[in-house]
C-alpha cells in the first residue's frame, strides 16, 4: 500500500521525517473530516467504513457519531498492532487521536443546529465553535461528489506516509498487505455492506418511506464510489516505476541501506570514468514511485553529494512488479 518509510540513523533526520509525516497525517485527517462532516454526515447520508457504521448508529439513536467512532476505533487499533505491526500502528494511533479531536469539532461546525444530535454534542463544543450548518444543503448530489473526493484525497495523504485514520482503514490495509486487492476495491467491498445496511435502518427501523430510503442509498453509493475512485487515482499514480542510477563513492553503504531498510534489490554496474579513467561502480535501482522518497532519504543521509539520475520506466516485469504477459 503506502511507502515503506526508511529508518534514518541520526536523530535529526528522524525528527524531520516524523514532522513531515505528521504534517501529512494532519492534512489528510482535516480533508477527510471536512468531506465527511461538512458534506456527507450533515446531509444524513451514510458513507462507508467506520464513518458509515457510526452514521447508522447516529440515525438510529441520535447519539453523535464521534462517541461510537472513538469507542470502536480503540478495538481496531489493537487489531492494527497485531496484524500491521508497531511502526504502522504508531501512526495509526496518531490518526485515531486526531480523528477523535476533529470529528466532534466538524459536527459542531457543520451540524444542523435544529437537530437533536447537535444538542447532544458537548455544550462546551456548541458554545465555543460557531455553527455554519451543512455545506451545500439542498444540493445533495454535489455534496456527495465533493465529499467523496475530499474523503478519498484525505485517506490517500494519510496512507501515503504509512499512516491510518483508524476505523476500517485498518481492515483495508490488512486486505492490501495480504492480498492483491487494491485499496479502492477493498474499500468498496466493505463499504457496500455498510451502505446496504443503511437502507434497512432508514426504512424498517426509522420508518422512512422506501422511496426516500432508496434515494439516500443512491447518494451513499455515489459517495462511496467517488471516494474509492479518488483513492485509487492517487494510489495508482504513485505506482509508476522509477529507474535510478546512483553515482557515489559510498555506493556500498547506500546499497546495504536500501537492501536492509527497504528490502529492495540493487544492481552494481561496473564502469570507468571518462575523464578520470578510474574504475567505479554505479548503483542501479528499479522501484515503485511510492518508494522513491524513502530511497532519496537514504541517499541524502549517507552521501548528500551523490549524483543521481532518475527516469520513468514504462513496463517493469518480474518479481515485485508486474507479471510478464
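Based on DSSP H segments of at least four residues, each scored -39500 (n - 2.57), the chain has a per-residue ellipticity at 222 nm of -20000 deg cm²/dmol. Sequence-distant contacts, meaning Cα pairs under 8 Å at least 6 residues apart, place the relative contact order of the chain at 23 percent.
The alpha carbons of region 241-313 occupy a box of 36, 24, 19 Å along the principal axes, longest dimension given first. Put simply, when 41-52, 300-311, 142-153 are sorted by average Cβ atoms within 10 angstrom per residue, most first, you get 41-52, 142-153, 300-311. Extension gain, residue 30 to residue 278, is 83.9 nm, computed as 0.36 nm per intervening residue step minus the present C-alpha separation. For helix 292-302, report the angle its Cα long axis makes with the longest principal axis of the Cα atoms of the chain; keep it between 0 and 90° and round to the nearest 10°. For 292-302 against the chain, the angle is about 50 degrees. Between 120, 11, 66, the GNM of the chain built on Cα springs shorter than 10 angstrom shows 11 fluctuating the most. Between 0 and 90 degrees, the angle of helix 140-160 with respect to the longest Cα principal axis of the chain falls at about 40 degrees. Taking Cα atoms only, the orientation of helix 210-237 departs from the longest principal axis of the chain by about 10 degrees.
Dividing the Cα convex hull volume of the chain by residue count, how many Å³ per residue is that?
Numbers: hull volume 50.9 nm³, N = 325.
Hull volume over Cα atoms, normalised by residue count, gives 157 Å³.
Highest mean packing comes first when the peptides 221-227, 135-141, 284-290 are listed by Cβ atoms within 10 Å, giving 221-227, 284-290, 135-141.
Sorting 270-283, 245-258 by their mean Cβ neighbour count within 10 Å, with the most densely packed peptide first, gives 245-258, 270-283.
Multiplying the residue separation of residue 269 and residue 200 by 0.36 nm and removing their Cα-Cα distance gives an extension gain of 18.5 nm.
Here, each number is a calculation from the coordinates, and none is a lab measurement. Note that the structure is predicted; figures quoted are calculated from it, not measured. Methodologically, a virtual Cβ is constructed for each residue, glycine included, from the backbone with ideal geometry; neighbour enumeration extends over all protein chains shown.
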